[in-house]
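Novice: Sharing a structure, written as structure tokens. Questions coming.
The values are calculated or read from the model by the stated rules, or taken from the named source; none is laboratory data. No experiment lies behind these values; they were computed from the predicted model shown. Cβ: placed from backbone, ideal geometry, glycine included. Neighbour counts: every protein chain shown.
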Amino acid sequence: MPVVVLSGLRQTGKSTLLQREKPIAAARSYRTLDDFAVLAAARTNPESLLEDTVTLDEVQRCPELLLAIKRSVDERRLPGRFVLSGSANLALLSHVSESLAGRAAYFTLHPMTRREVSGKTGKAPFLIDFMRDQTVPSETAKPVRTQEVLTGGLPPACLGPADAVREWFRGYVQTYVERDVRQLSQITDLVAFRVLAQLAALRTGQVLVISSLARDAKLSAATAGRYLDLLEASFLARRIPPFLKNRSSRLVKSPKLFITDSGLAAYLAGVDNLEPGQDDLMRGALLETYVAQNLAGLLEAHLPEAQLGYWNEQGRHEVDFVIESGRNVFAIEVKAATRWSESDLSGLRAFVERTPACKAAVLAYNGREAVHLGGKLFAVPLGHLLA
């Protein structure tokens, strides 16, 4: 493709990657629309920025630049000619997706995964190997600590001082989130938007019911839906679709809502302690959010064609995550506890029974030992699943 689009939540490291990764940076000029002079040029004379090979950062600040890129690509169509980056999901912005239709390949830079934070990326992820041969490791795993969930995967938070995390998120929300949202859409009531974002964080990991969210935020369903679209377009939230390809007739068909980063979700929800007994409801939801961001990052990097969803048989059974890769399906149920019981497997058993394409069903718990439970059922520590 002549255009490569790299998007992602602000502060995930997109600009650093584009400026320092040698294969990208060595042979390309770099311009960012955060520079007012470059932004002015993009608005008044966009053709002046369109060299043969150029990286343009924060392009969501000047949507009209995309029309100039479209014309330039149509005149001179070379692979990888333009690399575009931004903290808005350009694929979700209709005027952008229409301009770049058939001309762009899209990639997302997710928050850092657990293996990236720990610097253990020298071998293939356990998940990718497990999806291939369903082999469990014999060594013990290192459980996920509550502090890992509370800091999330944004580099300044997860790599910085632990005692400065909440202060960093406070500045992050004020400096970046509100600015980016204002650039994407004319929001007259920023306070109402903040309230909805906080309520969305309190619902992270839950099936989305917009009418309920709108009622609690004291907004119309249409306004709440528009604000959710903005959260998703700015990568602050994501909606995971339901898995509907099995024999059940009572499936929930609404998406599941996740804040993109567990640290950001914890900050917005006002949670600063996840020790057992402190906030058990949010403890499970935020751990699931942490697993979701790790799975999304792993699949984007190593299995980009895979689809991430969830499964819920109304009033009966549910499975937190379902991964579709080609014709194969894998189910994952997340448990915050260090031990598991037979009752924790009920949703996975139901899913396996109703889904012939399911290759493996995994109970991901926060213990140390991986066990094959017979048939397609496995108990795998989160420490292995995210390694």
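Novice: Hey, can you tell me all the residues within the range 325-349 that are more than 19 Å from Leu299 (Cα to Cα), at pLDDT 95 or above and either among the aliphatic types (A, V, I, L, M) or touching a Ser or Thr at 6+ places or on another chain (Cβ under 7 Å) (or both)?
Specialist: The answer is Leu345, Leu348.
Novice: Same structure again: More than 23 Å from Asp320 (Cβ to Cβ) and loosely packed, with under 15 Cβ neighbours inside 10 Å: does that describe Leu159?
Specialist: Considered against the rule, which asks whether it is more than 23 Å from Asp320 (Cβ to Cβ) and loosely packed, with under 15 Cβ neighbours inside 10 Å, Leu159 comes out as yes.
Novice: Right, here's the next one. Tell me the residue from Ser249, Ser254 that is among the hydroxyl-bearing types (Ser, Thr, Tyr), assigned to a loop (DSSP other than H, G, I, E, B) and in contact (Cβ under 8 Å) with a residue 12 or more places away in the chain, please.
Specialist: Residue meeting the stated conditions: Ser254.
Novice: If you don't mind, another one. Please list, ordered by first then second residue, the pairs with beta carbon atoms under 6 Å, 6 or more apart or interchain, first in the range 71-87 and assigned by TED's automatic domain parsing to the domain that holds Pro23 and under 16 Å from Ser29 (Cα atoms), second of a type in the set (Lys, Arg) and outside any loop (DSSP other than H, G, I, E, B).
Specialist: Partner pairs satisfying both residue conditions: Ser85/Lys14.
Novice: Within the range 278-387, which helices (runs of 4 or more DSSP H) (wholly inside it) include 1 or more residues that are free of Cβ contacts under 8 Å to residues at least 24 places away in the same chain?
Specialist: Result: 280-302, 346-354.
Novice: Considering only residues that are in contact with a Phe, Trp or Tyr (Cβ under 6 Å, 6 or more places away or on another chain) and crowded, with 23+ Cβ neighbours inside 10 Å, look in the range 324-341 and name the one that is farthest from Ala200 (Cα to Cα).
Specialist: Top of the filtered list is Ala331.
Novice: Still on this structure, I have one more. Of the numbered conditions (1) among the hydrophobic types (A, V, I, L, M, F, W, C); (2) surrounded by fewer than 18 Cβ atoms within 10 Å (Cβ to Cβ); (3) more than 26 Å from the chain's Cα centre (by Cα), Ala357 satisfies every one except a single condition; which is it?
Specialist: (3)
Novice: Going residue by residue through the range 232-243, is there one that turns out to be surrounded by 14 or more Cβ atoms within 10 Å (Cβ to Cβ), within 26 Å of Glu58 (Cα to Cα) and touching a Cys at 6+ places or on another chain (Cβ under 8 Å)?
Specialist: no
Novice: Moving to a separate point now. Looking at Val181, Val195, Val173, can you tell me which residue is in a helix (DSSP H, G or I), aliphatic (A, V, I, L, M) and without any contact (Cβ under 8 Å) to a residue 40 or more places away in the chain?
Specialist: Answer to the check: Val195.
Novice: How many residues, within the range 238-251, are within 21 Å of Ser211 (Cα to Cα) and at pLDDT 95 or above?
Specialist: 5
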